[in-house]
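Taking it in order: structure first as structure tokens, then the write-up.
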Amino acid sequence: MYSVQVHSYTLYNMTTSPRESAEERETAPSVQGHPRRWLILAVISLAQLTVVLDNTVLNVAVPSLTDELGAATSDIQWMINAYSLVQSGLLLTAGSAADRYGRKKMLAAGLALFGLGSLAAGLAETTGQLIAARAGMGVGGALLLTTTLAVVMQIFAPAEHAKAIGVWSAVSALGFACGPLIGGFVLDHFWWGAIFLINLPVVALGLLAVVTLVPESRSRQAERPDLLGAVLSTIGMAALVYAVISGPEHGWTSARVLTTAAAAVAVLALFGHWESRVPYPMLDLGLFRDQRFTGAVAGLVLITFGMGGALFLLTQHLQFVLGYGPLEAGLRTAPLALTVVLLNFSGVAAKWLARLGTPVAVLLSMVLMAAGLVAIATLTGQGYAGTLLGLLLIGVGCALGNPAMAHALMSAIPPARAGVGAGVNGTLAEFGNGLGVAVLGAVLTSRFAALAPVAATSLPAALASAQGERERGQVIGAFSSGLENSQLVGAAAVLLGGVVAAVLLRRAERVDG
């Protein structure tokens, strides 16, 4: 993995102007790295953990929100996607702003905005207010996700990048999997709004640590944020997901769905055209000529698509079908996080990566994750044992694959544009996650609507309308069938991502070699 990184920096320096190369050398990390780099990594990991937790902590609150706010399935999806889609649209702009104005400043600003959004979400009284607050949290989250990884790339020497990214990625996976556990504990003792208010002391501690410990760094290149690109990408992604969410309710061939989908395609095409012509693009389309970058892009989108949507559905399965409470459901997803943390912090995953090489490690990791999703889909009817097997397989796959893909993507981007690189990484992850929740949620809703003996927008509503135990059993069976189909679609997406990413990364290694 270290040789891949060296090749990418060498290739970039050979293809840029002398002025650009000089600027990069001024912003590149030193050979030794920052003397307090590991302490700083702990600080920014705390900020990273808070943001990632909020991608999943809401999942376990679905039953509470359904009961207390009267939220339909589409409302729940928008509560999750409002946060993800705002981040997806703003991450590239946030990364560009961090590179120009200072990564420390943007990290502090992101924490403050995230804290204010959390306060508004915790005090929300309607689904509309909660969706708006979640969108506001997405603005702060965009700044945090870009600056944390960008700071890692700046304070660590190139020889330590792979190891540092592994720790950063493990923290992300920990937050992704521990959201249901923390949310379940809070919901067992407080009302649903507390899952957002617990962010406030963490934000306060993070702000103090950032101001005290994190060094300032910025690029000397005077690039302007691409505001029009941010608007276009946000509108395009929101329209695309809205079309997917609306499909089951209004029909996939309805005027509303087709018009929204067409608008999404048109806006995203305009975004691509704009990015290819603007002097200071958020996303330099020339990066896609690097097969290492393209492979990492394909892998990240598909893995987050499958994993984000599948784990969103898993929490519902544990509570609605198997009958676990919020805390019990959270505890039963904990093995995934524990596996990732154990393998990454013990260094076992890093050793496997070094032996296998990036392409093989990525392919193997996604095969394991896909197998885990299949196990969850097909074996959960036999009890928790099938779910546990699936979670362990997914955990091993995440520990191997996530750091490898993040490192491959960041190593293909110049050090002076670390913020933009982190923005690309975060955009792909957030977009894939949001789209996965929408698409797999739509698969579930379509299957459930087709099989359920009563018409309803959610499982609790269908159960309330069911007459007798026989009909209630049919409703639960229909929901279980929809969950199984959705998990299998997620598994196929993850496996496809592994094959595509491995092939492209292997080709890139041959070119560099």
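Counting only residues that are in contact (Cβ under 8 Å) with a residue 40 or more places away in the chain and outside any helix (DSSP H, G or I), which one in the range 192-202 is surrounded by the most Cβ atoms within 10 Å (Cβ to Cβ)?
Once the filter is applied, the top-ranked residue is TRP192.
Taking the range 463-513 only, how many residues are outside any helix (DSSP H, G or I) and open to solvent by less than 50 Å² (accessible area, probe 1.4 Å)?
The total comes to 1.
Could you list, in sequence order, all residues of the range 335-369 that are in contact (Cβ under 8 Å) with a residue 60 or more places away in the chain, over 19 Å from the mean Cα position of the chain (by Cα), open to solvent by less than 30 Å² (accessible area, probe 1.4 Å) and within 23 Å of GLN291 (Cβ to Cβ)?
Result: LEU353, GLY357, THR358, PRO359.
Within the range 434-444, work out how many residues are open to solvent by less than 10 Å² (accessible area, probe 1.4 Å) and within 20 Å of ALA298 (Cβ to Cβ).
5
Regarding ALA406, is this residue open to solvent by less than 10 Å² (accessible area, probe 1.4 Å), touching a Lys or Arg at 6+ places or on another chain (Cβ under 9 Å) and assigned to a helix (DSSP H, G or I)?
no
Does the range 351-361 contain at least one residue that is farther than 27 Å from ARG507 by Cβ, at pLDDT 85 or above and in contact with a Gly (Cβ under 9 Å, 6 or more places away or on another chain)?
no
From the residues in the range 72-104 that are at pLDDT 75 or above and hydroxyl-bearing (Ser, Thr, Tyr), which one is nearest to ARG417 (Cα to Cα)?
SER96
State the number of residues belonging to the range 166-190 that are open to solvent by 50 Å² or more (accessible area, probe 1.4 Å) and either closer than 20 Å to LEU107 by Cα or free of Cβ contacts under 8 Å to residues at least 12 places away in the same chain (or both).
Matching residues across the range 166-190 total 2.
Touching a Phe, Trp or Tyr at 6+ places or on another chain (Cβ under 6 Å) and either hydrophobic (A, V, I, L, M, F, W, C) or open to solvent by less than 30 Å² (accessible area, probe 1.4 Å) (or both): does that describe PRO414?
So PRO414 fits the description; yes.
When you check GLY423 against the structure, is it farther than 30 Å from GLY184 by Cα, open to solvent by less than 20 Å² (accessible area, probe 1.4 Å) and at pLDDT below 80, yes or no?
When the stated conditions are applied, GLY423 passes them.
Of the residues in the range 74-123, how many are open to solvent by less than 10 Å² (accessible area, probe 1.4 Å) and part of a loop (DSSP other than H, G, I, E, B)?
The number of residues fulfilling the criteria is 1.
Surrounded by fewer than 23 Cβ atoms within 10 Å (Cβ to Cβ), of a type outside the set (Lys, Arg) and closer than 25 Å to LEU187 by Cα: is that true of GLY330 in this structure?
When the stated conditions are applied, GLY330 does not pass them.
Output yes when any residue across the range 268-279 is in contact (Cβ under 8 Å) with a residue 60 or more places away in the chain and either buried (at least 16 other Cβ atoms within 10 Å of the Cβ) or touching a Ser or Thr at 6+ places or on another chain (Cβ under 9 Å) (or both), and no when none is.
For the range 268-279, residues in contact (Cβ under 8 Å) with a residue 60 or more places away in the chain and either buried (at least 16 other Cβ atoms within 10 Å of the Cβ) or touching a Ser or Thr at 6+ places or on another chain (Cβ under 9 Å) (or both): absent.
When the residues of the range 446-460 are narrowed to those that are open to solvent by 40 Å² or more (accessible area, probe 1.4 Å) and assigned to a helix (DSSP H, G or I), which ends up modelled with the highest pLDDT?
ARG447
List every residue pair whose Cβ atoms sit under 9 Å apart, with the two residues 6 or more apart in sequence or on different chains, where the first one lies in the range 469-486 and is among the aliphatic types (A, V, I, L, M) and the second, anywhere, is crowded, with 20+ Cβ neighbours inside 10 Å and outside any helix (DSSP H, G or I).
Hits for this filter: VAL475/ALA452; ALA478/ALA452.
Need the failing condition index for PRO415 against (1) at pLDDT 80 or above; (2) farther than 21 Å from ALA492 by Cα, just the number.
(1)
The values are calculated or read from the model by the stated rules, or taken from the named source; none is laboratory data. Since we're looking at a predicted model, the values are computed, not measured. Because the Cβ atoms are built from the backbone with ideal geometry, glycine has one as well, and the counts that use them run over all protein chains shown. Just the protein is used for accessible areas: all its heavy atoms, side chains included, with ligands, DNA and RNA removed. Shrake-Rupley method; radii C 1.70, N 1.55, O 1.52, S 1.80 Å.
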